[in-house]
Amino acid sequence: MSDLSHIEALRDGVAAWNVWRRMNPGLIPDLSGSNIKVRGLSGIDLSGADMRGVMLAGADLSGALLRGADLTGADLMEADLSGADLSGADLTGANLMGADLSGADLTGAGLDGAILYRADLEGSECVSRHLWLNQIIDFANGLGCVDGEGEAFVFDDMEDSTVESSFMSTRMLRLEVELSDPVPAKAIYEILGALNRLYGMVADQDLPGPIIRIGPSGEGDGG
Amino acid sequence: MNRISFKGSSAVIVDFAERFLETHVIRIEPSEEVREIYGRELESLARSAHVELRHLENVMDFLHEHGAPRAELDELVEARSGELADLARDAAVLERYLIDGTILDVMILDDGA
């Protein structure tokens, strides 16, 4: 559980807290499991802090130093984390729904299972890939990144992050399966059925889902 | 020549093609997690439904890899509805048509981001 003296220290304000941290460089703040009522925490130094399960929904954490903090399961719904340093932070399972992460540094952050529905990630250092943000992906062990504009953003350098296991895509790809000519109708139906059923099992999670067509080669090559 | 076309996110499309649209000399090994959690059930299902274990494992691993919730996977294995065995048969169908040349080629094309 959290250290009450650390929570008390937060009530003295960000400036006093940051001075306190500088005077106690070896101390790791323990705010785990606490419901922090203080909302104005812009620029606060919480680097390396134990913040597992902390409740900070709606808090102003803009520009905060959260480098290496353990935010596993934290409730940061609609928190302002713009420009925050979250590099190396563990955000596994954190609720970041509607959080403002614009310009945040998420390099190396663990985001497995984090909920990023409607989170704003524009300009953040997140992942070296496009994110398809026009769909909601929010389920167990998944990661959702959503933006109302439905735009794909490009982020830089997050090679060591755990984001790799989530359901983002660098781009849309088309899979072309060429069949022999002539091909028995039975074979077409069996192949199409097999492809549909197998792919369909993950189609709900995939974006935007399969588009299947069948016809002579050369058709629809415009893409 | 006929063509079937799918479109989807790169992560799924690439993995799907590698798993189900290539002839595999070396068996695709499922993740430790899938083997650990479902290994016994899959072996049992393979025997009872007369499907190859490697196809069952491949299907389960594919679903696991691409985010099917644990509860759904549990249900798929435990329900014995036949759906999982059918999916394994689908994988076998694709393999058969790859081997006999009905599926001539598989290409992955970039439609642009």
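Points to keep in mind about this one:
- In this label model, A:W20 and B:E32 are separated by 4.1 nm, measuring between points 7 Å along each Cα→Cβ vector.
- If you plug the beta carbon distance of A:L27 and A:E78 into 1/(1 + (r/R0)^6) with R0 = 35 Å, you get a FRET efficiency near 0.75.
- In percent, rounded to a whole number, the relative contact order of the stretch B:10-99 is 38, using alpha-carbon pairs under 8 Å and six or more apart.
- For the residues of A:187-197, the average number of beta carbons from a partner chain within 10 Å of their own beta carbon is 6.
- Close amide H partners of A:D60, meaning residues 5 or more places away or on another chain with modelled amide H under 5 Å apart, are A:G40, A:L41, A:D80.
- Derived scalar couplings ³J(HN,Hα) [the stretch A:89-102; Karplus, 6.51 cos²θ - 1.76 cosθ + 1.60; whole Hz; x for Gly, Pro]: 6, 9, 10, 4, x, 6, 8, 10, 4, x, 6, 9, 10, 4
- For B:L104, the residues 5 or more places off, or on other chains, whose built amide H falls under 5 Å of its own are A:E178, A:L179, A:S180.
- The amide H of A:A104, built 1.01 Å from its N in the peptide plane, has A:G83, A:A84, A:S124, A:E125 as neighbours under 5 Å, considering only residues 5 or more places off or on other chains.
- Here the 3J(HN,Hα) profile of the stretch B:66-71, calculated from phi with Karplus coefficients 6.51, -1.76 and 1.60 at θ = phi - 60°, is 10, x, 4, x, 3, 4 Hz, Gly and Pro shown as x.
- Cα gyration tensor shape for the stretch B:10-99, rounded if a/c is under 1.5, else prolate or oblate: oblate
- Mean per-residue shielding of peptide B:57-63 is 2, counting Cβ atoms of other chains within 10 Å of each Cβ.
- Derived scalar couplings between HN and Hα for the stretch B:3-16 equal 9, 10, 10, 10, 10, x, 6, 4, 4, 7, 4, 5, 5, 4 Hz in order, rounded to whole Hz, by the Karplus curve 6.51 cos²θ - 1.76 cosθ + 1.60 (θ = phi - 60°), x for Gly and Pro.
- Neighbouring partner chain Cβ atoms per residue of A:96-103, average, 10 Å criterion: 0
Read-outs: derived from the displayed coordinates by stated rules, not from any lab. Everything numeric in this text was worked out from a predicted model, so none of it was measured. Note: ideal-geometry Cβ built from the backbone for every residue, glycine included; neighbour counts use all protein chains shown.
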